[in-house]
1. Go ahead and run the numbers for FRET between S199 and D4, Cβ-Cβ distance against an R0 of 25 Å, rounding to 0.05.
2. Looking at region 15-134 from every direction and averaging, what is the projected area of its Cα convex hull in nm²?
3. Just to confirm the filter: which trypsin sites (Lys or Arg not before Pro) across region 147-194 are DSSP coil and have at most 10 other Cβ within 10 angstrom of their Cβ?
4. Among P178, H192, I146, pick out the residue whose Cα is farthest towards the positive end of the charge dipole of region 107-214, where Lys and Arg carry +1 and Asp and Glu carry -1 on C-beta, about the Cα centre.
5. Which number do you get for Rg(Cα) / (2.2 N^0.38 Å) in region 116-214?
6. Ranked highest first by average number of other Cβ atoms within 10 Å, how do 138-145, 101-108 line up?
7. Of V133, Q168, G122, whose Cα points farthest to the positive end of the dipole of region 94-179 (charges on the beta-carbon: +1 Lys, Arg; -1 Asp, Glu; origin at the Cα centre)?
8. What whole number of Å gives the distance from the Cα centroid of region 114-162 to the Cα centroid of region 194-209?
Amino acid sequence: MMPDKIAIRAREIDNRLSQLYPKAKTALLFSNPLELLVATILSAQCTDERVNQVTRSLFKKYKNAADYAEASQSELEADIYSTGFFRNKAKSIKGCCDTIISTFGGKMPDNLDDMLKLPGVGRKTANLVLGAVYGIPGIVADTHFIRLSQRLGLTKNTDPVKIEFDVQPLIPQKRWSPFSLELTLHGRAICHARKPKCSKCVLLDLCPFSAKSI
Ligand code: SF4
């Protein structure tokens, strides 16, 4: 079956962004799957730079799921305080680590179904971790991905899961993770929420939204 016009455009978007952001990878620092899960939880409403500052010492103190599970809530809150929303984040980290111990024998899950059993972990976080650590392709529908895929006419939906399933068939599966990172990087660098820099964008001629914004 021939790819339709949207799929052809999506692949051209991927081509151009992969040249602009070659070898794109998450800016979060980690050395094992649990570290990336914790860093991803901490990155909500926080810059990657700040998360990396915090995790530099956090990962020396907490080396495995048991270390987080056994820590008191207040101690973990203090250790991650500067990433913001520290109460909820500490609760999420401890909840995940409790489940990793009780359900998975202390080992991080390595597939989507099991990742989604961790409390508070949705498809966005699960796909990010699985893609970066295990090379399992996944669309990471974060705020930038959602905004850009809407502006670029790849979806009409607003729900992240529906957007993920709209974009999946447009891009070869092996490109799902890198394409997600590219859109996120482009959202941070050029296609800002309030004032997209359309005149500097390599996607200008492919973007239905640009006509309305320049
Ligand atoms: S042309 Fe403008 S709206 Fe479209 S992707 Fe580029 S910056 Fe975003």
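Readers should treat all values here as calculations from the given coordinates under stated rules, not as data from a laboratory. Since the model is a prediction, treat every value here as computed from it, not as a measurement. In this analysis, Cβ positions are derived from the backbone assuming ideal geometry, glycine residues included, and neighbour counts consider all displayed protein chains.
1. 0.30
2. 7.5 nm²
3. For trypsin sites (Lys or Arg not before Pro) across region 147-194 that sit outside H, G, I, E and B with at most 10 neighbouring Cβ atoms in 10 Å, the list reads K156, R194.
4. Toward the positive end, the furthest listed residue is H192.
5. 1.09
6. Per-residue mean Cβ counts within 10 Å order the peptides as 138-145, 101-108.
7. Working it through, the farthest residue towards the positive pole turns out to be Q168.
8. Region 194-209 and region 114-162 have Cα centres spaced 23 Å from each other.
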